[in-house]
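Taking it in order: structure first as structure tokens, then the write-up.
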Amino acid sequence: AFAEARQLMLNGDYDAAERAWRTFVTDNPSHPKTPEAQYWFGKTLAARSAHAEAAAAYIGAVRGWPQTGWGADAAVELARELTALKKLPEACQTLGEFSRRYPKANAAVKSRAAATRTQAKCA
């Protein structure tokens, strides 16, 4: 189910991918891949500006601050969604944790974090 949802996303079928990720997350709450599925679910929701739902999905993804290839990006995406929701203190707190938890994040992710920090008017 995870591979099928991922393939739907890669094929650009975001509506079907969103349904597939939602089903995977709902049906497999304890699966080791569920945090990553929540990350991808968040991406599909963010693509259609469902900010509150996307933020909730990203919260599920970053719970425990995973040290994975997608973990740093999920934290920045959470901060971006919180900024869109005008939850600026929460966005800034997330970005502070991002800096502490992902000091070796790649340059592109760090750049998006810096842009989000500016947009959220973080100190």
Inset, instruction - Name every residue in the stretch 91-100 that is buried (at least 17 other Cβ atoms within 10 Å of the Cβ) and of a type outside the set (Phe, Trp, Tyr), in order of residue number. - result: 91, 92, 94, 95
Legend entry - Selected residue (criterion: nearest to the chain's Cα centre (by Cα)) from residues of the stretch 52-72 that are buried (at least 24 other Cβ atoms within 10 Å of the Cβ) and either not small (Gly, Ala, Ser) or not in a helix (DSSP H, G or I) (or both): 58
Inset, instruction - State the number of residues belonging to the stretch 18-65 that are over 25 Å from residue 83 (Cα atoms) and small (Gly, Ala, Ser). - result: 2
Inset, instruction - Go over the candidates 44, 68, 83 one by one and state the one that is of a type in the set (Val, Ile, Thr) and farther than 30 Å from residue 3 by Cα. - result: 83
Legend entry - Among the candidates 99, 49, residue that is outside any helix (DSSP H, G or I) and out of contact with any Asp or Glu (no Cβ under 9 Å at 6 or more places or on another chain): 49
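Conditions (1) at pLDDT 95 or above; (2) more than 21 Å from residue 98 (Cα to Cα); (3) β-branched (Val, Ile, Thr); (4) open to solvent by 30 Å² or more (accessible area, probe 1.4 Å), marked per residue:
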| position | (1), (2), (3), (4) |
| --- | --- |
| 3 | yes, yes, no, yes |
| 23 | yes, yes, yes, yes |
| 34 | yes, no, yes, no |
| 48 | no, yes, no, yes |
| 76 | yes, no, yes, no |
Inset, instruction - Take the residues in the stretch 78-90 that are of a type in the set (A, V, I, L, M), surrounded by fewer than 24 Cβ atoms within 10 Å (Cβ to Cβ) and assigned to a helix (DSSP H, G or I), then tell me which one is nearest to the chain's Cα centre (by Cα). - result: 84
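The values are calculated or read from the model by the stated rules, or taken from the named source; none is laboratory data. Because the structure is predicted, anything quoted here is derived from the model rather than measured. Neighbour counts run over all protein chains shown; Cβ positions are idealised from the backbone, glycine included. Side chains are part of the model used for accessible areas, which takes the heavy atoms of the whole protein and leaves out ligands, DNA and RNA. Shrake-Rupley method; radii C 1.70, N 1.55, O 1.52, S 1.80 Å.
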